[in-house]
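As structure tokens, the structure follows; a few thoughts come after it.
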Amino acid sequence: MGAGPLEEGAGAEVTPRVRAFFGLPVPDPQRAALGAFLAASAEAAPRFRWTPATNLHLTVRFVGSVERGLVEGIAERLDGLALPSFDLELGDLGMFKRGRLVRVVWQGLRSGAEAVIALAARVDAECEAAGLAGEKRAFQAHLTLARARAHDGAELPSLPSPPRLAPWRAGELVLYASRLSKTGAVYEPLATMKLD
């Protein structure tokens, strides 16, 4: 396949790349309920960058910067696997730390973690089959709420308790493109795979 006139020339990018990940969206009612908690937490802990409610999702597999066609091909194959849907319920807060400093604040799952782990393994297998490196770290299902502004982490003051949210049915897996901007990341859905 030859290069067309728009593709010729020094520095022209023939294949667009995206910073991509697969995730499970959080439904609107749960996002809205978490919005007040996130706002109160941002006030209590300003040394952390709190996730906007519109961006809340459970990451199933972070892919990184890849050719868009490659990751869309993975999504297409996953869509043909008839992956099962399952129930999710958010649980307690947790932290990823470096020593005594907190780097990430997250919310775990009260139910559904095993199903998310199984889904992550299927997605990772498809990524490997497409030539991407497999995940080296053990997968831990969680909803990222905040990251420390400082690279090494920060001390985390007491936070308000998160609201107890109704469980929901995870009925779709989404392939997102993440575009970084000065105001934070913007997530654009590229493909949606129905979970049956």
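The values are calculated or read from the model by the stated rules, or taken from the named source; none is laboratory data. Keep in mind that this is a model prediction, so the values were computed, not measured. Virtual Cβ from ideal backbone geometry, glycine too; neighbours counted across all protein chains shown.
Taken over segment 78-91, residues that are without any contact (Cβ under 8 Å) to a residue 60 or more places away in the chain, surrounded by fewer than 17 Cβ atoms within 10 Å (Cβ to Cβ) and either under 17 Å from the mean Cα position of the chain (by Cα) or more than 19 Å from residue 63 (Cβ to Cβ) (or both) amount to 0.
Name every residue in segment 101-140 that is modelled with pLDDT of 95 or more, part of a loop (DSSP other than H, G, I, E, B) and within 18 Å of residue 56 (Cβ to Cβ), in order of residue number.
Of the residues in segment 101-140, the ones modelled with pLDDT of 95 or more are 101-132.
Remaining after also requiring part of a loop (DSSP other than H, G, I, E, B): 112, 130-132.
The one that is modelled with pLDDT of 95 or more, part of a loop (DSSP other than H, G, I, E, B) and within 18 Å of residue 56 (Cβ to Cβ): 112.
A Cβ distance below 7 Å, combined with a sequence gap of six or more or placement on separate chains, defines the contacts here; from segment 118-142, residues that are within 21 Å of residue 67 (Cβ to Cβ) reach residues that are of a type in the set (Gly, Ala, Ser) and surrounded by fewer than 18 Cβ atoms within 10 Å (Cβ to Cβ) in the pairs 124/134; 128/134; 130/73. Checking segment 159-168 against the condition returns no match, with no residue being under 16 Å from residue 193 (Cα atoms), in contact (Cβ under 8 Å) with a residue 24 or more places away in the chain and exposed (fewer than 13 other Cβ atoms within 10 Å of the Cβ).
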